[in-house]
1. Skipping prolines and chain starts, which residues have an amide H placed within reach, meaning under 5 Å, of the one on B:Glu31, given they are 5 or more residues away or on another chain?
2. For every helix of n ≥ 4 consecutive DSSP H residues, a contribution of -39,500 (n - 2.57) applies; sum these over chain A, divide by its total residues, and give [θ] at 222 nm rounded to the nearest 500 deg cm²/dmol.
3. Please give every one of the lysines within straight-line cross-link reach of B:Lys106, meaning a C-alpha to C-alpha distance under 16 Å, and leave out same-chain neighbours fewer than 8 residues apart.
4. Calculate log10 I(q)/I(0) of the protein assembly as shown for q = 0.05, 0.09 Å⁻¹, where I(q) comes from the Debye formula with a single equal point scatterer on each Cα and nothing for solvent.
5. List the aspartates and glutamates whose Cα sits under 17 Å from the Cα of A:Lys554, skipping any in the same chain fewer than 8 residues away.
6. Could you tell me which of A:Ala426, A:Gly369, A:Tyr408 has its Cα farthest along the dipole of the stretch A:364-443 towards the positive end, charges placed at Cβ (Lys, Arg +1; Asp, Glu -1), taken about the Cα centre?
7. So which GluC sites (Glu not before Pro) in the stretch A:55-146 pass both tests, a DSSP loop state and at most 16 other Cβ atoms within 10 Å of the Cβ?
8. At a Cα cut-off below 20 Å, give the aspartates and glutamates reachable from A:Lys264, other chains included and same-chain residues fewer than 8 away excluded.
Amino acid sequence: MLGGRLAELWNRERMGLTMILASIAVIGVTVYLSLNLRNNEQVENLRNQGASISRILADVPFSELRARQQDHGPLRMLQLGQDSDEFAYAVVVNGDGEVLNAVNSPAVDVNAVVSGVSADPWFGERELKAFSDGRKVLEFSAPALEQEKVVGSIRIGYFLPTLGLAPGQMPFIASIALTIFLLTPLFYFMVRREIRPIHAVNDEIASRISGGEFNSCTIEATGELREFIDRFNGFMELARGKIEGLERDNTELVASQKLLGYRKLRIEAVLKAIPEAILILGEDGSVSYANDMVKSMLRVEPGDILHKLPSQWCLHEEALNFLSRFEKPSTANFYSETLRLTSPGDAQRKLSIKAYPLFSPQDPEVIFGRLVLLRDVTREALAEEGRGNFVAHVSHELKTPLNTLALYAEALQGGQGEDESFRIEAYNVINDEVERLGSLVDNLLSITKIEMGNLKIDKQRVRLHDLLRDAFKHVAHSGKDKNLKFQLDVPAELSTVAVDKDLLRIAINNIVGNAIKYTPAGGRITLTAEETDTAIEIRVKDTGIGISAEDSDKIFQKFYRSESDQVREVGGHGLGLPLAKEIVELHRGQLSVSSEPGAGSEFLIRLWKDRALLKQAV
Amino acid sequence: MTTKRILLADDEAMVLRVLRLQLEKAGYAVETAKNGEEALQRIREAAPDALITDIEMPKLSGEELCQILQSEYPERVFPVFVATSLTDVRHREWAQAITNVHFLEKPLSARQLLMALAEYFRAAEASAAPAQVEP
């Protein structure tokens with residue numbers, strides 16, 4: 001806290017504080033130097049004084065120098081003539097060091113001086129260590145002569161002046177200190193005045209920095225500061241230009257990034273919407289992109305296979321065989337195969353897989369990856385197989401009556417034609433086979449149209465009673481030679497339903513025709529209809545050979561013929577019932593069969609009564 | 001010359017009937033079978049001099065019948081005439097493993113069938129005749 005305040009004070013007023021400290025230092029040094037100068041002057045005076053006195057005393061006869069009783073002779077005279085503050089002692093000693101005469105300041109013990117330090121026998125000057133009060137002494141020595149012979153020594157000691165203020169110097173020192181003390185604030189204020197513009201510039205720069213502005217400095221100044229401000233403004237101009245350039249670049253960068261991001265999203269949306277699985281493999285064969293369809297085709301999560309080689313993720317051996325070739329450098333060929341998967345759960349699935357080389361836009365010689373497209377072609381393959389089977393069935397079914405026709409025609413042309421009974425038989429057979437051929441072609445066309453979706457269903461509200469009666473009568477007429485009983489039991493008040501009457505007539509015709517074919521002479525065929533709350537149920541019942549459980553599952557399959565001899569004895573082409581079922585289902589109805597082999601069969605057509613109920617039923 | 005026995009196999013009753021008439025008129029003894037199974041049964045009872053069969057038949061097809069005959073009677077001498085359409089190459093493929101098999105084009109012609117049979121028997125007798133005179 002206090003440290004913080006001091007630092008703040010120092011920051012704000014360091015110039016003034018520095019000047020105060022400097023002035024105190026100057027005062028101190030001045031005082032010290034003046035004291036030192038005075039001291040040196042005193043020492044010099046002492047030296048002159050000491051040297052001259054020691055020479056004077058050397059000229060005094062030795063006998064004169066000796067003390068007689070209380071009379072110290074010239075030494076006393078000397079003491080009296082000295083400043084008592086400076087004079088320490090004056091001693092005359094003989095050659096043995098015995099004190100012959102001595103005067104001294106009360107603070108000095110002469111015996112201690114003489115016994116402590118031996119005399120210098122000739123002229124000399126030396127500084128002696130402190131006495132009891134710690135003061136130092138400057139001692140001058142001179143020889144004591146008697147008849148031109150040295151018989152002793154004269155030693156005169158002065159106290160060395162100490163560094164200190166003499167009372168007389170106080171006004172001088174005080175006047176110097178006062179002058180300096182008064183000049184200090186003057187200088188301080190002058191300096192402050194001079195550096196004020198610098199402060200202002202400093203503050204303005206600081207505000208620019210904190211505000212993040214790059215404006216010119218508008219402070220009025222002269223001299224070097226003006227030059228500094230001009231240079232600063234020039235620098236700001238430069239910085240402003242650079243920053244504007246950077247900002248422009250940045251704006252363009254952001255815009256292009258947004259555009260790129262948008263394009264990326266759009267491309268990804270397109271890739272996602274494509275119904276084929278897409279893999280993009282890099283140069284090393286690792287996956288760099290996979291769309292969601294990859295999951296359903298290859299049973300892997302697109303996110304899990306990124307940057308991995310096919311050998312690290314591909315579960316299907318057949319697909320791996322295809323893809324792993326791209327882990328090694330391969331030619332720029334287009335590869336295409338149809339894979340038949342064998343792994344459990346995927347058996348029988350067929351995938352079409354195609355790999356296109358991706359050429360570098362910069363260098364069309366360089367391949368930088370592969371685009372791999374996968375499509376599930378199981379249904380197409382099945383459909384293709386179905387088409388092949390269909391054509392084979394159709395040609396067989398067409399050739400069978402043709403074969404019979406050809407043989408009978410040939411027989412009639414030959415000798416058999418002369419036989420009356422054979423002729424009649426041949427006419428009947430030819431008639432039957434032509435009818436069979438005609439019905440085959442009709443049924444084939446209808447069923448193909450329905451399956452291709454080309455058949456226009458023309459629904460109209462019709463009175464079912466009339467439609468069923470007419471259809472039943474027509475087909476019953478064709479079976480009149482078989483000695484069968486036909487019974488129609490359809491209530492006249494049946495609701496009207498929307499059906500395509502031509503198609504429904506074909507269905508009734510095929511079902512009743514089927515019953516006629518497989519009901520032996522003397523049997524009965526009944527067509528009934530009844531109305532429930534939701535549907536109209538039409539039943540065709542016969543007392544024929546019946547249908548085995550095994551066959552009843554298959555009789556609605558196209559071209560299915562039972563292996564049973566009883567069935568085979570009667571010609572058929574395996575299209576009548578499948579067509580009837582297609583027609584009923586086209587009306588959103590249901591066709592089903594129940595049968596007891598040897599006793600008869602019952603076919604049930606269920607037609608829903610109106611649209612709402614139809615929806616419910618669906 | 002003994003009467004040749006011909007076995008006809010076809011699921012179309014009218015085809016059997018008209019061929020039987022024509023063949024009998026030409027002096028052959030004719031037996032008929034409604035499917036491959038019945039034909040096989042007849043052959044097991046007594047081998048005919050020739051078998052004329054359709055391919056599409058219930059219970060046992062003409063193709064299956066030929067294959068069984070090939071494995072049951074590797075030394076079989078009687079010919080098999082298969083009625084098929086010329087365009088169906090599939091039938092040619094399986095027939096390669098069957099010996100003494102001939103194809104008749106559908107729709108059948110009784111006249112052509114009679115000619116084929118006559119030619120076959122004449123050739124067979126011609127190749128068998130020298131063997132008979134050898135000591």
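Where a number appears in this text, it was derived from the coordinates with a stated rule and is not lab data. Just so it is clear, the structure is predicted and the values come from calculations on it, not from any experiment. So basically every Cβ, Gly included, is an ideal-geometry build from the backbone, and we count neighbours across all protein chains shown.
1. Residues meeting the criterion, in which the H sits 1.01 Å from N, are B:Ile6, B:Leu7, B:Leu8.
2. After summing the helix terms and dividing by residue count, I get -17500 deg cm²/dmol.
3. Within the straight-line cut-off, B:Lys106 pairs with A:Lys399.
4. Per q value, in the given order, log10 I(q)/I(0) is -0.60, -1.08.
5. A:Glu563, A:Asp565, A:Glu582, A:Glu585, A:Glu596, A:Glu602
6. Value computed over the given set: A:Gly369.
7. Here the GluC sites (Glu not before Pro) that fit, given the DSSP loop and packing criteria, are A:Glu98.
8. A:Glu252, A:Glu276, A:Asp292
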